[in-house]
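Down below is the structure, laid out as structure tokens.
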Amino acid sequence: MLSTAVFLATLAYAGLGILIFVIGFWLWDKATPADLWGEICRGNQAVATLAAGVAIALAIIIGLAIHG
């Protein structure tokens with residue numbers, strides 16, 4: 001059975017991971033010279049694929065860092 005302490009710790013780590021992910025993706029977006037969201041909305045599939053790859057890589061790195 002899942003205790004309250006474990007549940008709250010899980011929520012805290014999930015929140016921390018999401019926060020770090022958002023900040024990391026925002027920093028990556030600001031480091032690129034183009035407007036990534038605008039390019040994706042205009043249908044640039046290469047930029048969308050690159051953004052997806054960066055998002056997946058960030059998620060893996062953050063998940064492994066939090067998990068230990």
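Counting only alpha carbon atoms, the long axis of helix 4-31 and the longest principal axis of the chain meet at about 20°. Excluding ligands, DNA and RNA, the accessible surface per residue across the chain is 77 Å² with a 1.4 Å probe.
Probe radius 1.4 Å, ligands and nucleic acids ignored: give me the carbon and sulfur share of the accessible area of the chain as a rounded percent.
With neighbouring chains kept in place, the figure for the chain is 76 percent.
Over every Cα atom in the chain, the radius of gyration and the widest Cα-Cα span, Dmax, amount to 15.5, 50 Å.
The values are calculated or read from the model by the stated rules, or taken from the named source; none is laboratory data. None of these values were measured; they are calculated from a predicted model. For accessibility, only protein heavy atoms count, side chains too; no ligands or nucleic acids. Shrake-Rupley method; radii C 1.70, N 1.55, O 1.52, S 1.80 Å.
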